[in-house]
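The values are calculated or read from the model by the stated rules, or taken from the named source; none is laboratory data. Nothing here was measured: the structure is a model prediction, and the numbers come from that model. Quick reminder, even Gly has a Cβ in these numbers, built from the backbone with ideal geometry, and neighbours come from all protein chains shown. Ligands, DNA and RNA are stripped out before the accessible areas are found, and what is left, the full protein with its side chains, is counted by its heavy atoms. Shrake-Rupley method; radii C 1.70, N 1.55, O 1.52, S 1.80 Å.
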Amino acid sequence: SIFKWKLTMHGKGKHFMTDSPKRKLSEHLRQRTKEWFRKADHELAYLELSPFDAEDPPTDTAGKMSHMVAEYSLKAYLMLNKKPIEKSHDLIELLDDCLAIHNDNKFDELRSDCQLLTQYRLDLVYPTSTSETITVEEAKAAIEKARRIRDFVMAKAEELGYSHD
C-alpha cells in the first residue's frame, strides 16, 4: 500500500514519520520493550493488593511504587524508540525525552502526574528525622496517576506498532 509521508524537524536531525501505518518491530526490540512494561505491570499488580485498611497502611510504599510504574513505562517508550535509557529517576526528564522523540506534545498531559510522583520518590525513599507521609487518599491517587501514565504510554507504543502479546 502507499503511505503518506511527512517530514518533521526534530532537534538537529530530520525524521520521517508515517501518518498512520504501524511499523514492523524487531523481535529483540519488542522483547526489550515488553520487559519494561512487564516491570510496570508487576508493580501495578502489587499496588492493587495494598493493605490500606491496616493500622499503619504502607502509603509511602504505594507512593514509591507508583513512581516506579511511571518510570518503567516511560523507559519502555524510550526503549521502543531506540533511545538511550539513562540511570535517572526524574520522571520529568524522562517525560521530556519521550516528548522529544516525535515532538508529541500529548505527553505534556502527564507532566503534573510526573511531578508529583517524582516528589514522592524524593521524599519517601529514605527515612529522615522529618520523614514525609502521605495519606491513604493520596496513595490511592498516586496509583491512579501511575496507571494513567502506564496506559497512556502503552497506547502510544501501540500506535508505533508495539503489541504486548
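Details
- Scoring Lys75 on the criteria (1) part of a helix (DSSP H, G or I); (2) open to solvent by 30 Å² or more (accessible area, probe 1.4 Å); (3) of a type in the set (Lys, Arg) leaves a single failure, condition (2).
- Some residue of segment 101-114 being touching a strand residue (DSSP E or B) at 6+ places or on another chain (Cβ under 8 Å), outside any helix (DSSP H, G or I) and either within 18 Å of Ala139 (Cα to Cα) or open to solvent by 40 Å² or more (accessible area, probe 1.4 Å) (or both): yes
- Residue check: Ser88 meets all listed conditions (1) part of a helix (DSSP H, G or I); (2) modelled with pLDDT under 95; (3) not acidic (Asp, Glu) but one, namely (1).
- One residue from Leu110, Leu74, Leu80, Leu91 being aliphatic (A, V, I, L, M) and touching a His at 6+ places or on another chain (Cβ under 8 Å): Leu91
- Test for Tyr46: is it open to solvent by 50 Å² or more (accessible area, probe 1.4 Å), aromatic (Phe, Trp, Tyr) and either part of a helix (DSSP H, G or I) or modelled with pLDDT of 95 or more (or both): yes
- Among the numbered conditions (1) modelled with pLDDT of 95 or more; (2) under 22 Å from Ala141 (Cα atoms); (3) open to solvent by 30 Å² or more (accessible area, probe 1.4 Å), the only one that Pro58 does not meet is (1).
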